[in-house]
Amino acid sequence: MAKGRSMSSPPVIEARDLALTLGRGSSAVDVLRGADLTVQRGESLAIIGPSGSGKSTLLMILAGLERPDRGEVRVSGRDLTALSEDELTVFRGREIGIVFQSFHLIPTMTAWENVAVPLELGGVPEARDLALAELQRVGLADRVHHYPTELSGGEQQRVAVARALAPSPAVLLADEPTGNLDETTGQGIIDLMFAAKATRGQTLVLVTHDARLARLCDKAVRVHAGRVEPVTTVEFEVAR
């Protein structure tokens, strides 16, 4: 657990009684059943659990990309479940950065455009300059005019990280960000995200199977049987 952080301020992420069922009839699956989660501003949190436990679904709800059947999600004081789709889009563009395992870059756009266009659509001033600066920070100054197919997996993920960080969001969410990368390349992505957290004071929430990544976080929780359970220090040490 990180030391010296004041817990008196309201949490940046607060989820209460989240429930979500996927499918219908005999094929229905209760992915979440009254899940609760609280993350303080500036914390890093690892979400762990077996495949199919609902980790990624929980993250998508926190990002406002999936709506729960029941419950409330507050990010930076806003109730995401009360926002329209248009309001969610605007809010995400300002407050939440998202990094996916499969990069999700637009293949017909260069690295520069992949970072700049979302900023331009969000009305961010000097979006092109900001995008270029962010790509330089992630070590891609000489690759800005390359298309995703011309980049390695690690380079594509660096573009995705730059895109997520460019608006300086309060919260960075990452879903298995090193899952498609080799160990050395994945470590570079880990270093980038934690360096950004340290210098910008962001809150970082990660879904991961990677023990190297989980053990860097201030705390960890496990998704099990549709609920979120704290991972004790002993359990976390054993998991490493």
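The values are calculated or read from the model by the stated rules, or taken from the named source; none is laboratory data. Source: prediction; values computed, not measured. Positions of Cβ are backbone-derived with ideal geometry, glycine not excepted, and every protein chain shown enters the neighbour counts. Heads up: the accessible areas ignore ligands, DNA and RNA and are worked out on the full protein's heavy atoms, side chains in. Shrake-Rupley method; radii C 1.70, N 1.55, O 1.52, S 1.80 Å.
What to note about this one:
- Conditions (1) under 22 Å from Pro177 (Cβ atoms); (2) assigned to a helix (DSSP H, G or I); number of the one not met by His146: (2)
- Of all positions in the range 131-141, at least one carries a residue that is open to solvent by 10 Å² or more (accessible area, probe 1.4 Å), over 21 Å from Ala198 (Cβ atoms) and not β-branched (Val, Ile, Thr).
- Failed criterion for Ala195 (all others in (1) more than 24 Å from Thr110 (Cα to Cα); (2) in contact with a strand residue (DSSP E or B) (Cβ under 7 Å, 6 or more places away or on another chain) hold): (2)
- Verdict on Gly122 being surrounded by fewer than 17 Cβ atoms within 10 Å (Cβ to Cβ), more than 13 Å from the chain's Cα centre (by Cα) and within 20 Å of Arg200 (Cβ to Cβ): yes
- Taking the criterion of being at negative phi and open to solvent by 30 Å² or more (accessible area, probe 1.4 Å), the residues of the range 18-39 that qualify are Thr21, Leu22, Arg24, Ser26, Ser27, Ala28, Val29, Asp30, Arg33, Asp36, Thr38.
- Residue match in the range 155-164 (condition: out of contact with any His (no Cβ under 8 Å at 6 or more places or on another chain) and on the phi > 0 side of the Ramachandran plot): no
- For the range 174-233, residues that are loosely packed, with under 14 Cβ neighbours inside 10 Å and within 14 Å of the chain's Cα centre (by Cα) total 0.
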